[in-house]
Amino acid sequence: MRIVYEPYEMQEIANKYREWGKTIGFVPTMGYLHKGHLSLVKEAKKNNDVTFVSIFVNPTQFAPNEDLDKYPRDIERDEELLKREGVDFLFYPTVENMYPDGFQTYVSVENLTQVLEGASRPTHFRGVTTVVSKLFNITKPHRAYFGKKDAQQLIVIKKMVENLNFDVEIVGLPIVRESDGLAMSSRNKYLNKKEREEAVCLYKSLQKAKEMIDKGTDDAETIKQEMRKIIEKYEIPKIDYISINSLSELKELKKIEKDNTLISLAVFVGKTRLIDNLWI
Ligand code: PAF
């Protein structure tokens with residue numbers, strides 16, 4: 001696996017592969033890799049001639065009060081994992097290379113970013129869509145892979161790609177979970193033992209929602225109330241939001257719509273904010 005630090009160098013490599021008629025699969029990450037990331041890498045490897053992964057903890061998607069400085073990092077372990085998966089190129093730029101002095105151009109998707117994560121983190125998605133646009137221009141992928149755990153991110157990026165005519169196919173892949181159901185996330189590292197045990201409440205509440213829908217309940221308010229009750233049985237977790245929205249426009253729904261419903265929640269477990277969701 002070759003490690004590339006400079007955007008222009010990565011772009012030259014991508015151009016070469018395109019000239020040679022090879023397909024490029026790209027997995028953007030912020031590192032501290034877990035099995036969720038590796039499932040994206042495996043899929044990229046399976047369906048493309050060459051696989052690029054980026055590791056870049058993107059400052060523009062963190063608000064000043066968020067965890068940029070303490071966001072977990074372990075580049076040596078990440079490199080080892082990616083080598084083992086047979087990744088061809090790791091793009092590992094510096095902040096200065098991605099955002100040189102004078103940087104002043106941003107990409108933002110409007111309505112879809114006003115709700116859910118966007119309501120709690122108003123500057124977050126502008127940072128995500130800006131860095132993903134840059135990464136697409138640098139790595140020129142035919143296909144790019146994202147996890148469904150960041151459901152709104154995936155929906156926002158699909159909209160950006162459609163609206164700005166990016167020539168890339170966005171592939172969304174299922175959430176990968178720990179054995180007790182907790183969705184894998186780099187932020188799980190922040191949880192102490194008791195918090196880790198209680199963090200399973202997000203999954204339990206989603207399971208309850210699934211059970212109710214399977215039995216025929218379609219009233220969104222009733223489902224949200226039952227999910228709330230599950231979480232409130234635990235000691236530490238504090239709900240930020242539980243929401244039921246359309247997948248197409250992220251509009252709040254009163255009734256479950258088959259193939260067009262996203263049930264999502266954000267919960268503080270101690271100081272750590274965790275998210276999870278279910279696609280109906
Ligand atoms: O999902 C992430 O890890 C990040 O938001 C992404 C897509 C790599 C952009 O920084």
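Every read-out reported here was derived from the displayed coordinates using simple, explicitly stated rules and does not represent laboratory data. Since this is a predicted model, take the numbers as computed values, not measurements. Glycine gets a Cβ as well: all are built from the backbone with ideal geometry, and neighbour counts include every protein chain shown.
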Check: With +1 on each Lys and Arg Cβ and -1 on each Asp and Glu Cβ, how big is the dipole of region 22-144 about its Cα centre, in debye rounded to the nearest 20?
Finding: 480
Note to self: Please compute, for the alpha-carbon atoms of region 1-107, the extent along each of the three principal axes and give them in descending order in Å.
What the structure shows: 42, 31, 23
Next item on the list: For the chain, find the longest principal axis of its Cα atoms and tell me its angle to the long axis of helix 151-163, 0 to 90°, nearest 10.
Entry: 50
Notebook entry, point to check: Taking the Cα-to-Cβ direction at LYS258 and at LYS233 and moving 7 Å from each Cα, how far apart do the two end points lie in nm?
Noted result: 3.0
Next item on the list: Count the net charge of all other residues whose Cβ sits under 14 Å from the Cβ of ARG121, scoring Lys and Arg as +1 and Asp and Glu as -1.
Entry: -2
Next item on the list: For helix 35-47, report the angle its Cα long axis makes with the longest principal axis of the Cα atoms of the chain; keep it between 0 and 90° and round to the nearest 10°.
Entry: 50
Margin query: Suppose every Lys and Arg Cβ carries +1 and every Asp and Glu Cβ carries -1, with no other charges. What dipole size does the chain come out with about its Cα centre, to the nearest 20 debye?
Written below: 560
Next item on the list: State, to one decimal in nm, how far the label point of SER120 lies from the label point of ARG187, with both points 7 Å from Cα in the Cβ direction.
Entry: 0.6
Checklist line | Gained length - ASP101 relative to TRP20, 0.36 nm times residue gap less alpha-carbon distance | finding: 25.7 nm
Next item on the list: Specify the angular offset, from 0 to 90 degrees and rounded to the nearest 10, of the alpha carbon long axis of helix 7-19 from the longest principal axis of the alpha carbons in the chain.
Entry: 80
Notebook entry, point to check: In cubic angstrom, how much convex hull volume per residue do the alpha carbon atoms of region 192-248 span?
Noted result: 92
Next item on the list: State, to one decimal in nm, how far the label point of GLU178 lies from the label point of ASP69, with both points 7 Å from Cα in the Cβ direction.
Entry: 2.7
Notebook entry, point to check: Of the listed peptides 191-198, 82-89, what is their order by residue-averaged count of other C-beta atoms within 10 Å, with the highest listed first?
Noted result: 82-89, 191-198
Next item on the list: Putting +1 on Lys and Arg Cβ atoms and -1 on Asp and Glu Cβ atoms, find which of HIS142, LEU202, TYR241 reaches farthest to the positive end of the dipole of the chain.
Entry: LEU202
Note to self: Could you compute Rg(Cα) / (2.2 N^0.38 Å) for the chain, with N its residue count?
What the structure shows: 1.02
Note to self: Based on alpha-carbon centroids, what's the gap between region 1-71 and region 211-256 in Å, whole number please?
What the structure shows: 34
